[in-house]
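Down below is the structure, laid out as structure tokens.
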Amino acid sequence: MLGGMHLVKAARAAVAACAVLLSLSACANAESAKPEEKVFPFSGTTLDVAAHETPTDLVATDREDVKVTLWFDVKGTNATSHSSLKNGRLDLNAGCSGLAFCDAKFRVEVPRGVKVLRDGRETDLR
């Protein structure tokens, strides 16, 4: 009988694990996420953008500051996102860990004439 109890417990655990996975099976989609915007004052001539492998559009615009827009969708928990601008380096992070699926993308609008680097390397703007 003891072996039967272990089988019942194992079956319940498997069902619970499947329920968690099924609830996360709907993939995250940044395209459908509500955009979040953040604006940073900027007076430099070079901006180095570190997006940590998150898709990022870099766009030259007629503005004097740097505007970051983030689309971030998460299915699950343990999501984190932040952006900061210090000493000419724009650090962008969006991700999740554990039992979660997440999808993110950034759009960075920079003043025309600013030299933009992506992880220390020159890059083209749209």
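The values are calculated or read from the model by the stated rules, or taken from the named source; none is laboratory data. The structure displayed is predicted, hence computed values, not measured ones. Note that each Cβ is placed from the backbone with ideal geometry, even for glycine, and that neighbours are counted across all protein chains shown.
Within the range 79-126, which residues are among the polar types (S, T, N, Q) and within 16 Å of the chain's Cα centre (by Cα)? Correct list: THR80, SER81, SER83, SER84, ASN93, SER97.
Taking the condition free of Cβ contacts under 8 Å to residues at least 24 places away in the same chain and of a type in the set (Gly, Ala, Ser), does ALA50 pass? Taking the combined requirement at face value, the residue does not satisfy it.
Number of residues in the range 43-58 that are in a strand (DSSP E or B) and surrounded by 15 or more Cβ atoms within 10 Å (Cβ to Cβ) equals 6. Kindly evaluate LYS67 against the criterion of being over 22 Å from GLY120 (Cα atoms) and either crowded, with 16+ Cβ neighbours inside 10 Å or touching an Asp or Glu at 6+ places or on another chain (Cβ under 9 Å) (or both). Here the answer is no, as LYS67 does not meet what is asked.
Only residues that are farther than 14 Å from GLU53 by Cα and either touching a Cys at 6+ places or on another chain (Cβ under 8 Å) or assigned to a strand (DSSP E or B) (or both) were counted across the range 103-116, and they come to 6. Checking each residue in the range 70-102 for being touching a Cys at 6+ places or on another chain (Cβ under 8 Å), over 25 Å from ARG121 (Cα atoms) and not acidic (Asp, Glu) picks out PHE72, VAL74, LYS75, GLY76, THR77, ASN78, ALA79, THR80, CYS96, PHE101, CYS102.
Applying the set (1) within 24 Å of ALA28 (Cβ to Cβ); (2) at pLDDT 90 or above; (3) surrounded by 15 or more Cβ atoms within 10 Å (Cβ to Cβ) to PHE101 leaves exactly one unmet item: (2).
Of the candidates ARG112, ARG118, the single residue that is surrounded by 14 or more Cβ atoms within 10 Å (Cβ to Cβ) and at pLDDT 80 or above is ARG118. Working only within the range 64-102, note down all residues that are polar (S, T, N, Q), part of a loop (DSSP other than H, G, I, E, B) and touching a residue at least 24 places away in the same chain (Cβ under 8 Å). Correct list: empty.
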